[in-house]
Each structure stands twice: as C-alpha cells, then as structure tokens.
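K.L.:
Below you will find the structure I want to go over with you.
Nothing in this text is a laboratory measurement; each read-out follows from the coordinates by a stated rule. Bear in mind the structure is a predicted one, so any value in this text is a computation, not a measurement. Quick reminder, even Gly has a Cβ in these numbers, built from the backbone with ideal geometry, and neighbours come from all protein chains shown.
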Amino acid sequence: MLKQRIITALILAPLTIAAIFYMSLENFSILIMAVMAIGAWEWGPLMGFENKRRRIAFVLTTITLISGIWYYFPLMSFWNDQAQLQSTVHSILWIAVAWWLVSAALTFLYPRYSSFWSSHRSIRGVFGWLTLVPTWLAFVVLRANDYDADPYQGAQLIMFLFLMVWSADVGAYFVGKAIGKHKLMPNVSPGKTMEGFIGGVIFACVLVSLAGISLGWNQQQYVLVLGVTVLITTISVLGDLNESMFKRQAGIKDSGTILPGHGGILDRIDSLTATAPIYALCYAYLGW
C-alpha cells in the first residue's frame, strides 16, 4: 500500500504543479471544476446513492452551481483594483467557513446527533455542495490574484497551501506510525493520533520556514505565515476527519479507486476542501 501511495504521489505531484503554474487561468478553472465533478460523483455513495442516474444528477447540479458563479462573476472580477475580494465572492467563502464550523461540531460530537443528517439524503447533498463548490471558488480566487501583473503570483499562493497541507499529511503519517499512542478521534478515524497531528503541524512549519529563507522573508512575514500555517494544518485535519465521518456512516472505506494507494479524489482533496476557503480569506485579509 505504501509503495503504491508513493508511486501515485510521484506521478501526481509533478502534474499538479505543472497545471498550477502553466495552465491559463481559464483552463485551470475548468480543471478544478472537473476535479470537483469527480468529487461530486464520489459523494454519491456518501448520500446512499447506488443508482448511477442519481449520482450523475448530483454531479450535473454541482457543475451548474459552479458554472453559475463563473457566469455571474467572471474570473478577472474576483479581485478589485484595491486587491480586495468582490463582496459576493467574499460572502460565499464565509458561508464555507460557517459550514466547516458546523462540520467541526458534527465531527466532534459523532455519533451523537448523526441520526438526523444521516437519514436525509438532501441534507448530505447540501453538505456536499458546501464542501465542493467553495473549494472550486477558493482555488480560482487564489489563482486569479494579481493575474494581470504577475500570472505566477496566484500559483505561488496555491503552492504554499499545498506545501502546508501535504507536509502536514506526510509528517502526521510518519510521526503517527513511529510514536503515535493517543487516539485523536477514535469514533471517527481510529488511525489518527495526537502525536501524529502535532508532528504534522511541526513538520509543516519547518518546511514553510525553509521556503521563507529561500524567499528572504522578514520577521513579520515569518510570524504571519507561520501563524497561518498552524491554522491551516489544524483545519486540514478537520477536512480529513469530516470525510472519514461520512464514510464511516455510509459503511465505505474509500471514496473511490481512481488513485491507486490513495483511494478516490475525495480521499486526496479532503484536507484541501476544508483549508482552501479559509486560506483564501486569510490572504485576502492579511496578505504576506
């Protein structure tokens, strides 16, 4: 399993980085929409959909919601001349934050109070849209930042998000395997430990600091970005636990089989769905 994970990651990581830096803003937006569409397909079983027609309908609705945002808010209009987010886009990202606060409560209290949402497919469907649609928006918002002046500015922002999340994931995996003893949330994900969580946060902070050295950050930038790193790596665990909770409730081990050793697309982007909207808001408010 570990060998498969490594091989898949070695293939996927360069392709992802190339897409982030070298695809046009429009093509990048289409690519992220396609990823969210696959995520919507995989969300079907979490809603109890075994019928392909229902899963396809959920995918098409998800694409329609994303397309509606794109239609009413062209990609280059997300940021105004003062480098501030368009107000409606800003509000959608805050709706995502509200959803993740609710999600945190559902996850920490699981399995209490799960009977209501687990018995209503429509509610789980709304949960899926609140997870996937703002993720598309957040990635495109980041990629569009200062695009006219520097087409690579947004790509660098996204790469820092990936650096935070991926390094925390790797650090948590190996630290948890080596010294993990205290279960983080056994009712939701028995394999995750407190030691792994702390190790992941520390590992992410170390790698971000090394990146800061190469970019010549000043002390204020270090304090700001490391604070964001701690926040984002902590929230990334919530995204992982949230999907684990839905899979456990549905009796599913992996969301799919498209990525050998990793499972489905949702298994790979679960942390990013939680962190991307919050990371985009952090940059909109704080900058660095």
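K.L.:
Among the trypsin sites (Lys or Arg not before Pro) in the stretch 82-131, which ones are in a DSSP loop with at most 11 other Cβ atoms within 10 Å of the Cβ? Mind listing them? Intermediate values should be presented prior to the final figure.
P.N.:
Values: sites: Arg112, Arg121, Arg124; in loops: Arg112.
The qualifying sites are Arg112.
K.L.:
Any idea which of Leu85, Tyr113, Pro134 is furthest toward the positive side of the dipole for the stretch 71-181, if Lys and Arg beta-carbons carry +1 and Asp and Glu beta-carbons -1?
P.N.:
Result: Tyr113.
K.L.:
Would you mind working out the magnitude of the charge dipole of the stretch 220-284 relative to its Cα centre, with +1 at each Lys and Arg C-beta and -1 at each Asp and Glu C-beta, to the nearest 20 Debye? Walk me through the intermediate numbers first.
P.N.:
Values: 4 positive and 5 negative charges, 13 e Å.
Here the size comes out at about 60 debye.
K.L.:
Under a point-charge model restricted to the Cβ atoms of Lys and Arg (+1) and Asp and Glu (-1), what is the dipole moment magnitude of the stretch 163-244 relative to its Cα centre, in debye to the nearest 20?
P.N.:
The calculated dipole for the stretch 163-244 is roughly 200 debye.
K.L.:
For the peptides 32-45, 199-212, 181-194, what is the packing order when you average, over each peptide's residues, the other Cβ atoms within 10 Å and list the highest mean first?
P.N.:
On the way: 32-45: 22.0, 199-212: 19.3, 181-194: 16.1.
In descending order of packing, they fall as 32-45, 199-212, 181-194.
K.L.:
Sticking with this structure for a sec: Return the calculated 222 nm mean residue ellipticity for the chain, to the nearest 500 deg cm²/dmol, obtained by summing -39500 (n - 2.57) across DSSP H runs with n ≥ 4 and dividing by the residue count.
P.N.:
Values: 10 runs with 219 residues, N = 288.
Value at 222 nm, helices only, nearest 500: -26500 deg cm²/dmol.
K.L.:
In debye, nearest 20, what is the charge dipole magnitude of the chain about its Cα centre with +1 on Lys and Arg Cβ and -1 on Asp and Glu Cβ, if you could check? Write out the running numbers ahead of the final one.
P.N.:
Details: 18 positive and 14 negative charges, 251 e Å.
Dipole about the Cα centre, nearest 20: 1200 debye.
K.L.:
Sort 277-288, 77-88, 54-65 by packing, meaning the average of other beta carbons within 10 Å per residue, with the highest value first.
P.N.:
Working: 277-288: 19.0, 77-88: 12.7, 54-65: 16.1.
Top to bottom by mean Cβ count within 10 Å: 277-288, 54-65, 77-88.
K.L.:
Where the centre of each part is set by its Cα atoms, how far does the stretch 113-176 sit from the stretch 177-213, in angstrom?
P.N.:
Cα centres, the stretch 113-176 to the stretch 177-213: 19 Å.
K.L.:
If you count, for each residue, the other Cβ atoms within 10 Å and average over each peptide, how do 139-151, 13-25 line up from highest to lowest?
P.N.:
On the way: 139-151: 19.2, 13-25: 14.0.
For the peptides 139-151, 13-25, the packing ranking is 139-151, 13-25.
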